[in-house]
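Enquirer: I am attaching a structure below and will ask some questions about it afterwards.
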Amino acid sequence: MSIALIKYLSDWNKRPTDKYNEPGPVVTISREMGCPGKQVTNTLVEELNKRFRLKDDLAWKWLAKERILELASNKLGLPKEDIDYVFEAKRKGIMLEILESMSTKYYKSDKHIQNTVKSIVRAESSKGHVVILGRGGVAITRDIPRSLHIHLEAPFEWRVLRVQAMYNFEPKEAEQYVKEIDKKREEIRTYFGGKDTDYTRFDITFNTMTLSVQEIVDIIIDAMEVRKLVV
């Protein structure tokens, strides 16, 4: 059994018995390129707020990339464009880090920026009633007991056809784009969760070729009710 899994099980067993003192609830949605991630996320948030008629302070919301960048920018005192690269799972490199640390008092290391982004996603998730699309959400919030982690997938050929239609790509261009984005999204989960850990595993995986957006959302909400993430 891996060290990460042992820690996860230990944290689970130590969770508070009063659910209202626990962080969450939070839902994370990861997807392969070409799957309708934004549609599922938007529809899920709308359905949750419609069905459970929650007050504004308890309404479900989508934690989007722009909001994370805004909060990180304010906390670090850096422009958004100087932080955005962490969402591409990129690093500055040793020489650039050395040069930047010598040339500006506003220098922040890769690790510092990464940890700041993680802490913001974690803090917003802990407040609860949050749906996170991508952004390494599963890796950052996996140990929150009141959480549900969704993965959207579909056959490669089907996703290529969707991307080809969405972006007016040539077939080969669409294939390459799908492969590149799939790889990048996997790198982001590893970037925030670590390599070969159990923190990037999902609870439920949906085939978006055979299931409609509404069907997926209905099943997610059913699972949330079973897990007591909504009442």
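The values are calculated or read from the model by the stated rules, or taken from the named source; none is laboratory data. Just so we're clear, the structure is a prediction, and the values are computed from it rather than from any experiment. Because the Cβ atoms are built from the backbone with ideal geometry, glycine has one as well, and the counts that use them run over all protein chains shown.
Enquirer: If you take just the helices (runs of 4 or more DSSP H) that sit entirely in segment 59-127, which of them hold at least 3 residues that are at pLDDT 50 or above and closer than 16 Å to Arg189 by Cα?
Expert: Hits in segment 59-127: 110-127.
Enquirer: Being assigned to a loop (DSSP other than H, G, I, E, B) and aliphatic (A, V, I, L, M) is the filter here; which residues of segment 28-47 pass it?
Expert: Correct list: Met33 only.
Enquirer: Further question on the same structure: I'd like the residue in segment 124-150 that is under 21 Å from Asn42 (Cβ atoms) and touching an Asp or Glu at 6+ places or on another chain (Cβ under 8 Å) and, out of all such residues, is surrounded by the most Cβ atoms within 10 Å (Cβ to Cβ).
Expert: Filtering first and then ranking leaves Ile150.
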